[in-house]
Amino acid sequence: MTRTDRRRGVTRRHLLALSGAGALAGLAGCSGLLSGQPEQTVDADALTEMVAGDALTVPETLPVDIEASFVAEQRSIAESDLDRIPAPFDSETIPNGVIRGRLNNMYDSATDSVARIDEAETPYERLQRANRARVSAHEARAGWRAIDDDLTLAALRESVPSIEGRIASVVQRWSHVGDDPVRAIVVHEAIESEIRAARNWLSSRNRRERSDGTALDVADLAEDLERARTSVTVAAYVFDRFRAGLDTTTEQRPRFEAAREELRTRLRDRQDALPPRDVDEPTSLVDRDIEETTGVRALASLGTEASYRAEQLTESDDDPFLANEVVGAADALVYARAFESLRERLENGDDVAVESVDDVSALRSDAISAVEDARSTDRGHLLVNELLPRFANEIRWTDERFARESGTTSLDSVAYDAVDYVVAAATCRAVPRVSADVAGVLRDS
């Protein structure tokens, strides 16, 4: 999983919803029908109006000077692949309608990705977009080459050893150097994520046998291999640029190891106060009589996420990717602190309930304010910049769900989706304090 993929913020609540378990919560919208009472609905137009306008974005950054020429190099690779594809394909060129449609879609997607590179707000985001465009273009060209040049799966697999060699070379010369432990943890977390991603894309799971070897199978494997290439390329580039800009190259590994142990201890100290990983009765988390409101559901989501992450970090063997574990501990502490603050809010009498679109709008505004407050902090700002995007993005994704609504929609369904606004507000408010604490641990270790 790359740094960007992790920032997509797929939590256990999202996974449950996608798998069907979360759909049970969606059945709350049928509660009125089951009890003989009419189901409460809201005007979906009011929801779409609420989220209209510019979407909230917190750009991804990396405290390394990324050259525009390097981004342009990745774009050029993508454009070169696209130039060699005679798209759009017609039925004469590719008779098979399924393959023709998929390859045309691949080409269009890659072309769009190239066009969107310069829309990114930061050099790091532009690099990420350029690499995605490079991968998409390579996938499309490989699919066409399977038809036009008889490119095969076996031929693609012949390139695996060279990619493995490239990864091994980068790992051999890479070390956790730095002149400031906080900046170093952020940079090395990005490097580690790219190295791990490169290895994963080359794993047997991603190189599973394709039984028929169609053009689509070839394109699929080519995509995996190109992802591995781009990941190791970014890892090497970031490390070289970071090391070249250092005044002193102090080895930070002992400091990272000490920080990891201290953060694990802090997580263990909090675990007894966290709920189990699966909460059957969310209202049991609040020490007063309360309905299962949006706030209570958000509390259960935060508690589950905090418990899951704390357990993963405190019970796992030592991971060689130290920076990933330190930043992962910071993530877990954000969820734990957010859980504690929201529970206090609920126990002090605020139900955080949704009974109208105005209530949803208020929760959304609160989440946006939390993001803005976090961005303005001057404590632990490097870690704030690292952690905040993945939590703030919950707002944008929830906005996108509401923007797709039309007609009338169940109030209970709206209240369930609004959980993510509450989660975003609580976690984004926790980010500055946790960032400052973790920065202190790193500097004191």
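Hey, could you check the range 36-83 for residues that are among the acidic types (Asp, Glu) and touching a strand residue (DSSP E or B) at 6+ places or on another chain (Cβ under 8 Å) and say which is nearest to THR408 (Cα to Cα)? Filtering the range 36-83 for residues that are among the acidic types (Asp, Glu) and touching a strand residue (DSSP E or B) at 6+ places or on another chain (Cβ under 8 Å), the one nearest to THR408 (Cα to Cα) comes out as ASP43.
Summed over the range 311-359, residues that are assigned to a helix (DSSP H, G or I), open to solvent by 40 Å² or more (accessible area, probe 1.4 Å) and over 30 Å from GLU291 (Cα atoms) total 2.
Okay, residues lined up against (1) surrounded by 18 or more Cβ atoms within 10 Å (Cβ to Cβ); (2) modelled with pLDDT under 90:
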| residue | (1), (2) |
| --- | --- |
| GLY36 | no, yes |
| GLU39 | no, yes |
| VAL42 | yes, no |
| ASP45 | no, no |
| ALA52 | no, no |
| ILE66 | yes, no |
| SER69 | no, no |
| GLU73 | no, no |
| SER80 | no, no |
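Taken together, ASP437, ASP373 contain a single residue that is farther than 18 Å from ARG297 by Cβ and without any contact (Cβ under 8 Å) to a residue 60 or more places away in the chain, which is ASP373. If you check ALA362 against the conditions, is it open to solvent by less than 30 Å² (accessible area, probe 1.4 Å) and part of a helix (DSSP H, G or I)? In short, no. Of ILE163, ILE167, all but one fail to be closer than 30 Å to ALA258 by Cα, surrounded by 15 or more Cβ atoms within 10 Å (Cβ to Cβ), touching a helix residue (DSSP H, G or I) at 6+ places or on another chain (Cβ under 8 Å) and in contact (Cβ under 8 Å) with a residue 60 or more places away in the chain; the exception is ILE167.
Select, from ARG443, ARG433, the only residue that is within 17 Å of SER341 (Cα to Cα) and surrounded by fewer than 24 Cβ atoms within 10 Å (Cβ to Cβ). Checking each option against the conditions leaves just ARG433.
Here's the yes/no breakdown for (1) open to solvent by less than 40 Å² (accessible area, probe 1.4 Å); (2) outside the structural domain of TYR237 (by the TED database); (3) touching a residue at least 12 places away in the same chain (Cβ under 8 Å):
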{"position": "ILE94", "(1), (2), (3)": "yes, no, yes"}
{"position": "ASP118", "(1), (2), (3)": "no, no, no"}
{"position": "ARG129", "(1), (2), (3)": "no, no, yes"}
{"position": "ARG134", "(1), (2), (3)": "yes, no, yes"}
{"position": "ALA137", "(1), (2), (3)": "yes, no, yes"}
{"position": "TRP144", "(1), (2), (3)": "yes, no, yes"}
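If the condition is being more than 27 Å from VAL434 (Cα to Cα) and of a type in the set (Gly, Ala, Ser), then the range 236-268 contributes ALA236, ALA244, GLY245.
Remark: pairs (first residue in the range 285-304, under 15 Å from THR398 (Cβ atoms) and among the polar types (S, T, N, Q); second residue buried (at least 20 other Cβ atoms within 10 Å of the Cβ) and modelled with pLDDT of 95 or more; Cβ separation under 7 Å; 6+ apart in sequence or on different chains) = THR294/VAL352; THR294/VAL354; THR294/ALA415; THR294/ALA418; THR294/VAL419; THR294/VAL422; SER301/VAL419; SER301/VAL423.
In this structure, is SER307 of a type in the set (Ser, Thr, Tyr) and free of Cβ contacts under 8 Å to residues at least 12 places away in the same chain? Before you say what the answer is, go through the steps one by one.
Values: of a type in the set (Ser, Thr, Tyr): yes; free of Cβ contacts under 8 Å to residues at least 12 places away in the same chain: no.
The answer is no for SER307.
The numbered conditions (1) of a type in the set (Val, Ile, Thr); (2) closer than 26 Å to ALA336 by Cβ; (3) out of contact with any Ser or Thr (no Cβ under 7 Å at 6 or more places or on another chain) are all true for VAL279 except (3).
Take the conditions (1) at pLDDT below 95; (2) exposed (fewer than 14 other Cβ atoms within 10 Å of the Cβ); (3) within 30 Å of ARG132 (Cβ to Cβ); GLY213 misses just one of them, which is (2). Scanning the range 367-418 for residues that are assigned to a loop (DSSP other than H, G, I, E, B) and open to solvent by less than 40 Å² (accessible area, probe 1.4 Å), we see that the one that is farthest from THR293 (Cα to Cα) is GLY380. For the range 84-103, residues that are part of a helix (DSSP H, G or I), over 17 Å from ALA222 (Cβ atoms) and not β-branched (Val, Ile, Thr) total 3.
Given the options ARG227, ARG277, ARG253, ARG241, name the one that is out of contact with any strand residue (DSSP E or B) (no Cβ under 6 Å at 6 or more places or on another chain), touching a residue at least 60 places away in the same chain (Cβ under 8 Å) and surrounded by 18 or more Cβ atoms within 10 Å (Cβ to Cβ).
Working: ARG277 fails: surrounded by 18 or more Cβ atoms within 10 Å (Cβ to Cβ); ARG253 fails: surrounded by 18 or more Cβ atoms within 10 Å (Cβ to Cβ); ARG241 fails: surrounded by 18 or more Cβ atoms within 10 Å (Cβ to Cβ).
From the options ARG227, ARG277, ARG253, ARG241, the qualifying one is ARG227.
With ARG141, ARG132, ARG199 as the choices, which residue is modelled with pLDDT of 95 or more and closer than 30 Å to PHE256 by Cα? Talk me through it step by step, then tell me what you get.
Numbers: ARG141 fails: closer than 30 Å to PHE256 by Cα; ARG132 fails: closer than 30 Å to PHE256 by Cα.
Going through ARG141, ARG132, ARG199 in turn, just one is modelled with pLDDT of 95 or more and closer than 30 Å to PHE256 by Cα: ARG199.
Looking only at the range 144-160, which residues are within 19 Å of ALA87 (Cβ to Cβ) and part of a helix (DSSP H, G or I)? Scanning the range 144-160 gives TRP144, ARG145, ALA146, ILE147, ASP148.
What do you reckon, is GLU158 within 27 Å of the chain's Cα centre (by Cα) and either open to solvent by 20 Å² or more (accessible area, probe 1.4 Å) or of a type in the set (Val, Ile, Thr) (or both)? Considered against the rule, which asks whether it is within 27 Å of the chain's Cα centre (by Cα) and either open to solvent by 20 Å² or more (accessible area, probe 1.4 Å) or of a type in the set (Val, Ile, Thr) (or both), GLU158 comes out as no. Checking the stated criteria, ALA142 turns out not to satisfy the condition of being more than 20 Å from the chain's Cα centre (by Cα) and within 19 Å of ARG253 (Cβ to Cβ).
The values are calculated or read from the model by the stated rules, or taken from the named source; none is laboratory data. Keep in mind that this is a model prediction, so the values were computed, not measured. Quick reminder, even Gly has a Cβ in these numbers, built from the backbone with ideal geometry, and neighbours come from all protein chains shown. SASA here: full protein model, heavy atoms, side chains in, ligands and nucleic acids out. Shrake-Rupley method; radii C 1.70, N 1.55, O 1.52, S 1.80 Å.
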